[in-house]
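Reading through the structure tokens given below for one structure.
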Amino acid sequence: MQLWNTLSKEELVEKLKERGTRFVTVSFYQYAHIPNPQVFRDHLFQMWSKIGIVGRTYVATEGINAQIGVPADKFQQFKEELYLISFLNGIRLNLAVDESEAEFPFLKLKIKVRDKILADGLNDQTFDVTNRGKHLKAEEFNALLEDPNTILIDMRNHYETEVGHFKGAITPDVDTFRDSLPIIEEEILKGNEDKNIVMYCTGGIRCEKASAWYKHRGFQKVHQLEGGIIKYANDCKENGLENKFIGKNFVFDERRGERITEDIIAVCHQCGEPCDTHTNCVNDGCHLLFIQCESCKQELEGCCSTECQEVIHLPDEEQKALRKGKDYSNKIFKKGRSEKLPFKTSIPAIKEKVTLARE
């Protein structure tokens, strides 16, 4: 059996349309010791391909991190087969809060073997990632936030917190998880050793590792929101709890965000109007992730700048020639950061005018 995809994006879309499958967006992770990640990866690919699962999964010796789309009529089969794997038996599955923002959250199945399921920049052999902080359910989380002795920290990146976050949360201006660990310790936690440290992220995987790391570093009162924003939003809805999150939850699939509340706390990076819709620049030599309103999308044809707009009208061969030999990875990596985005640098001032972005 072939253990990888060979179809183009267009072919994948057509195939999914023909199939007419309704998908349930599922995410889960587990830190565990996997002796041979490649063998485990191939086993998963064969098992999930048979029932039409799509999405992205990382496997490493430290565990698994999955964000996938499961055919709704195969969900029970998927769950039963997953739970047959000993270290995944009974694992919590986070289901998407809002499925309305993309026809297909994922187009194909990608399972990759990596050194770590979450890059952290750490090289401490004595660090035990399983010695995590205390998990908080939604009700416990809300209660602890009322304690004035609590520090609430968003463990996500700047482009995620920009469109949505918890009221009163500290949102470090970082590009990656590995950046956040030392910055948070040096600039936020030092001097606050006696405080309740409460962290949250999208689905819990970043907080799981961060809480274990800060415990390893000597901090005692370390907590994390169980299941992250996804589980919290679902639990608040199901149990009638106050939802302290405002705005959108950024997600790493074709939806790029799921609506938690109607509050719009971000602005278009090109005109400054209230907007929280992320997109990628349509220029294949750019693909910068940024926030763009419908008006700017039409005017600039989905591009981040007039320069990129000019490029997309060139013949394909000329576009390929412009891209040849150039490394755009840094531009793509610095999501939402570009000198071509005029309102990005002045967002703090503009946010004061967006009345919905209130504490």
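Filter region 288-313 for residues that are of a type outside the set (Asp, Glu) and surrounded by fewer than 16 Cβ atoms within 10 Å (Cβ to Cβ) and give the result. Residues satisfying the conditions are 295, 298, 306, 313. Taking residues in region 49-76 that are assigned by TED's automatic domain parsing to the domain that holds residue 230 and under 18 Å from residue 92 (Cβ atoms), and partners anywhere that are at pLDDT 90 or above and not in a strand (DSSP E or B), not one pair has Cβ atoms closer than 6 Å while being at least 6 places apart or on different chains. When each of 235, 263, 284 is tested for being in contact (Cβ under 8 Å) with a residue 12 or more places away in the chain, out of contact with any Phe, Trp or Tyr (no Cβ under 8 Å at 6 or more places or on another chain) and farther than 20 Å from residue 154 by Cα, the lone residue that passes is 284. Take residue 210 and tell me if it is crowded, with 24+ Cβ neighbours inside 10 Å, modelled with pLDDT of 95 or more and part of a helix (DSSP H, G or I). Judged against the criteria, residue 210 is a match. Cβ-Cβ distances below 7 Å connect the following pairs, each with a first residue in region 315-330 that is assigned by TED's automatic domain parsing to the domain that holds residue 284, a second residue that is part of a loop (DSSP other than H, G, I, E, B) and modelled with pLDDT of 80 or more, and a separation of six or more residues or different chains: 319/284; 319/285; 322/285; 323/284; 323/285; 328/285; 328/286. For the residues 166, 141, the requirement of being over 19 Å from the mean Cα position of the chain (by Cα), surrounded by 22 or more Cβ atoms within 10 Å (Cβ to Cβ) and more than 30 Å from residue 39 (Cα to Cα) singles out 141.
Scanning region 211-228 for residues that are in contact with a strand residue (DSSP E or B) (Cβ under 8 Å, 6 or more places away or on another chain) and without any contact (Cβ under 8 Å) to a residue 60 or more places away in the chain returns 219, 221. Comparison of 237, 248 shows that the only residue that is surrounded by fewer than 18 Cβ atoms within 10 Å (Cβ to Cβ) and under 30 Å from residue 144 (Cα atoms) is 237.
Report the residue count in region 47-68 for those that are farther than 17 Å from residue 27 by Cβ and either at pLDDT 95 or above or in contact with an Asp or Glu (Cβ under 9 Å, 6 or more places away or on another chain) (or both). It would help to see each step written out before you state the result.
Restricting attention to region 47-68, the residues satisfying the condition of being farther than 17 Å from residue 27 by Cβ are 47, 49-52, 61-62.
Within this subset, residues satisfying the condition of being either at pLDDT 95 or above or in contact with an Asp or Glu (Cβ under 9 Å, 6 or more places away or on another chain) (or both) are 47, 51, 61-62.
Going through region 47-68 one residue at a time, the tally reaches 4.
Does residue 191 count as part of a loop (DSSP other than H, G, I, E, B) and touching a helix residue (DSSP H, G or I) at 6+ places or on another chain (Cβ under 7 Å)? Spell out how you get there, then give the answer.
Numbers: part of a loop (DSSP other than H, G, I, E, B): yes; touching a helix residue (DSSP H, G or I) at 6+ places or on another chain (Cβ under 7 Å): no.
Against the criterion (part of a loop (DSSP other than H, G, I, E, B) and touching a helix residue (DSSP H, G or I) at 6+ places or on another chain (Cβ under 7 Å)), residue 191 does not qualify.
No other residue among 275, 268, 281 is buried (at least 20 other Cβ atoms within 10 Å of the Cβ), of a type outside the set (Gly, Ala, Ser) and over 30 Å from residue 108 (Cβ atoms) apart from 268. Of 314, 322, all but one fail to be modelled with pLDDT of 55 or more, assigned to a loop (DSSP other than H, G, I, E, B) and of a type in the set (A, V, I, L, M, F, W, C); the exception is 314. Filtered by the rule that a residue be under 20 Å from residue 162 (Cβ atoms) and part of a strand (DSSP E or B), region 213-251 gives 225, 245, 246, 247, 248, 249.
Contact map, region 182-195: residues that are within 14 Å of residue 216 (Cα to Cα) paired with residues that are of a type in the set (A, V, I, L, M) and in a helix (DSSP H, G or I), Cβ distance under 6 Å, separation 6+ or inter-chain. No pairs are found.
The values are calculated or read from the model by the stated rules, or taken from the named source; none is laboratory data. This is a predicted model, so every value here is computed, not measured. Neighbour counts are summed over all protein chains in view; Cβ atoms, including those assigned to glycine, are modelled from backbone coordinates with ideal geometry.
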